[in-house]
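The next block holds one structure in the form of structure tokens; read it before the comments.
The values are calculated or read from the model by the stated rules, or taken from the named source; none is laboratory data. For clarity, every value in this text was computed on a predicted model and none was experimentally measured. Here Cβ is always computed from backbone atoms with ideal geometry, including for glycine, and neighbour counts include all displayed protein chains.
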Amino acid sequence: MRGGTASSPQVVHAATRARQCRWPASWTLPSRTLCQFAYLLLFLLSAGDALAQQVGAAQDSESHWYVQAGAYVHWLSSDDFVGPPVLGGVEHHRSDGWSGGLSLFNNSFGQFTQYLYAGKEFRPWDSRPELRVKISAGIVHGYQDEYYDTLPIRWGGSWGLGFVPAIGFQKGRAGYDVALLGVSGLLFLVGYRL
């Protein structure tokens, strides 16, 4: 009882999460530098590709591999959020817009997590063919212990279903996407078509 009123654990937890966003304590200077280097490398690869103009409209309809890296941010804050918020993944895209992939990342709670998924890419704006919408769904493994209940559909102690919508921009071989991570945050991705 505080000031004559009872405070439930859910109310206290919600108030804790509502604090302003900040980097996790483990996101040290070397981690930031490594992430900045990765972004710089991907930027240079995409800039070189844009200058060379190697990818034509005919190649967009071919199946291909796509590698991506990214970092996520939370719009809610919690003392439970630890570890560097980085992701790496690989996708195989078919000519009909369907894809399959695997992403590896540390979840918000510092646990190594995998996301094996299938997805579909749409280009809904004829006047802007470089813009895309991507939707993926698949199996997530790695949310464990007290964080297991953060997955809405789950089984077996650390398994669950994931759903990730994203909107992006494709220029030559380089791609840039922003994905919605449930009600927790946004994932910013940079990718490269192989």
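Per the conditions (1) buried (at least 19 other Cβ atoms within 10 Å of the Cβ); (2) modelled with pLDDT of 95 or more, the sole criterion not satisfied by F105 is (2). Within region 143-173, the set of residues being exposed (fewer than 14 other Cβ atoms within 10 Å of the Cβ) and among the small types (G, A, S) comprises G156, G157. Taking the numbered list (1) closer than 16 Å to L189 by Cβ; (2) touching a Leu at 6+ places or on another chain (Cβ under 8 Å) in turn, Y143 passes all entries but (1).
Residues that are without any contact (Cβ under 8 Å) to a residue 40 or more places away in the chain, basic (K, R), assigned to a strand (DSSP E or B) and farther than 18 Å from A71 by Cα: does region 169-178 have at least one? Taking every residue of region 169-178 in turn, none turns out to be without any contact (Cβ under 8 Å) to a residue 40 or more places away in the chain, basic (K, R), assigned to a strand (DSSP E or B) and farther than 18 Å from A71 by Cα. For region 133-152, give me the residue count where each residue is of a type in the set (A, V, I, L, M, F, W, C) and under 12 Å from Y117 (Cβ atoms). Number of matching residues: 4. Inside region 111-150, residues that are within 18 Å of G97 (Cα to Cα) and part of a loop (DSSP other than H, G, I, E, B) make up a count of 7.
Condition check: surrounded by 15 or more Cβ atoms within 10 Å (Cβ to Cβ) and closer than 17 Å to G175 by Cα. Does V140 satisfy that? Here the answer is no, as V140 does not meet what is asked. Is it the case that some residue within region 155-163 is under 25 Å from Y192 (Cα atoms), within 15 Å of the chain's Cα centre (by Cα) and not aliphatic (A, V, I, L, M)? Yes, region 155-163 contains at least one residue that is under 25 Å from Y192 (Cα atoms), within 15 Å of the chain's Cα centre (by Cα) and not aliphatic (A, V, I, L, M).
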